[in-house]
Amino acid sequence: MSALIEARGFGWRHAARRTWAVRDLTFTIEAGERVLLLGPSGSGKSTVLRALAGVLGDSDDGESAGQLLIDGRHPTRTIGHQALVQQDPDSQIVLARVGDDVAFGCENLRVPAEQIWPRVDDALVRVGLDVGRDHPTAHLSGGQKQRLALAGAIAMRSDIVLLDEPTANLDPAGVDEVVDAVAALVADRHRTLVVVEHRVEAWAGLVDRVIVLSSEGTVLADGPIGRVLADQRRSLLAAGVWVPGVPVDVDPLDHDRPASGPAPLLADDLVIGRDTALREPMTVAVERLSTVVTGPNGVGKSTLALTLAGLLRPISGSVRADPQLRGSLSPDPLRWKSRQLAGRIGYVFQEPEHMFVTSTVREELALAATTGAEVDELLARLHLDHLAAANPFSLSGGEKRRLSVGVVLGARPQVIMVDEPTFGQDRTTWHDLVRLLMGLAHDGHALVQVTHDQPFIDVMGQRRIDLRNRERVSAP
């Protein structure tokens, strides 16, 4: 049976933060209701989900106000009735094999052993993760890890399903599969659904209601999804909320513009993979333009970018750097030292946390920027100025993504590679991030961006490496 959720003036302030992540939240979510939680990046959406899951922490982790209750009890007293899929799927992977990882939640809930594996198999089918129970979790792509985390939540069959950007890194077919899987899970109205997502279109047909948080962490709007989107369209756009049907306000880069000079990187007969080859040999030129890398989850987009960047050894073939990029160094970026590589080829990983090495946002940006004025400019353009003293690991997913991009952009290397650049971005920060990247393309930098974001592809895709076909690379 599903559960009633009540927020009565609820607020939370993270330790070492002056401002509240959320404050004075008051709402009721009825048992079996389906709610889409919207709001700009950093508005506290993930904080609300973690609070509902009972994993926000105690007084050492922050300060709370008001009440947040599930069937009249504190969420820490109802753990097991809530299933949470977090924004970062890596943080939820605990076991080495796919089947064992999906089964982990069921085992903790003491589900009878004879029921667990049928649940595991059913959940994997529902989310379209067809790699087999014994497939190593370490060999999954980012999108596949998202499916894995959702499969674990589905297998638990909890009363409340909490999803934090479950489709952010999925290809279009994967988005449909995940939404369909969630729809089937909540179809009988025996489960309550609360989902956080920036893009509304995928969930508009499933949810009953939207609760919109403001940039200050308060409730900006609350009501049936159709009515809120129609009646409060202007205020939602002003807050940075993605409203369906409103196009992006950015003119695309010139797709017919020739590259300025020779390609900084050229790959010949390149075969990519970790232990085994993912694709047939390919030839790829990284030009001084904006290139997008597209294709289904698991096809090798991130692997290709890492290989081109000199961070992953190819199975066979070679990557060569142009003399203008390498100077007196070896043509093979794999032979460069870390400092030599970072100054020439900047890489923004799909998981932003892999890049952070300091204790504040300002210090992180200062590692790359040469002056304090440049740091201040980056903070403002990335909408991180109010978080300059915050620990990078305490940021929201969208804020971490912007910081990770800023760390690389501050050094202004000739080649910049970004894996899922617009993950977790609201409409406002998306526009600003895209304009920042466009400026680099106009200045002659070579950009390579792995993405599923169609509006981003439309405006940034001067060149396209399409990995849909495993036997060849097409570049329309």
Checking the conditions here, which among Ala285, Ala305 is closer than 23 Å to Thr422 by Cβ, aliphatic (A, V, I, L, M) and assigned by TED's automatic domain parsing to the domain that holds Asp332?
Ala305
Contacts under 9 angstrom Cβ, first residue in segment 48-63 being assigned by TED's automatic domain parsing to the domain that holds Leu193, partner aromatic (Phe, Trp, Tyr) and assigned to a loop (DSSP other than H, G, I, E, B), 6 or more apart
Glu63/Trp20
Given the criteria farther than 22 Å from Gly42 by Cβ and either touching a residue at least 24 places away in the same chain (Cβ under 8 Å) or under 21 Å from the mean Cα position of the chain (by Cα) (or both), does Ile211 qualify?
no
Report the residue count in segment 376-392 for those that are farther than 15 Å from Gly424 by Cβ and not in a loop (DSSP other than H, G, I, E, B).
8
Out of (1) without any contact (Cβ under 8 Å) to a residue 40 or more places away in the chain; (2) surrounded by fewer than 20 Cβ atoms within 10 Å (Cβ to Cβ); (3) more than 21 Å from Leu341 (Cα to Cα); (4) among the aliphatic types (A, V, I, L, M), what's the single condition that is false for Leu440?
(3)
Considering segment 203-250 alone, what residues qualify as being of a type in the set (Phe, Trp, Tyr) and farther than 21 Å from Thr28 by Cα?
Trp242
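Yes/no matrix, rows are residues, columns are (1) in contact with a helix residue (DSSP H, G or I) (Cβ under 7 Å, 6 or more places away or on another chain); (2) touching a residue at least 60 places away in the same chain (Cβ under 8 Å); (3) of a type in the set (Lys, Arg):
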| position | (1), (2), (3) |
| --- | --- |
| Ala285 | no, no, no |
| Leu289 | yes, yes, no |
| Val292 | yes, yes, no |
| Asn297 | yes, yes, no |
| Gly300 | no, yes, no |
| Thr303 | no, no, no |
| Leu311 | no, no, no |
| Ala321 | yes, no, no |
| Gln324 | no, yes, no |
Give me the residue from segment 408-467 that is charged (D, E, K, R) and in a loop (DSSP other than H, G, I, E, B) and, out of that set, farthest from the chain's Cα centre (by Cα).
Asp443
Sole residue being at pLDDT 95 or above, on the phi < 0 side of the Ramachandran plot and not polar (S, T, N, Q), chosen from Val415, Val408
Val415
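The values are calculated or read from the model by the stated rules, or taken from the named source; none is laboratory data. Computed from a predicted model, the values in this text were never measured in an experiment. Heads up, the Cβs are rebuilt from the backbone with ideal geometry, glycines too, and the neighbour counts pull from every protein chain shown.
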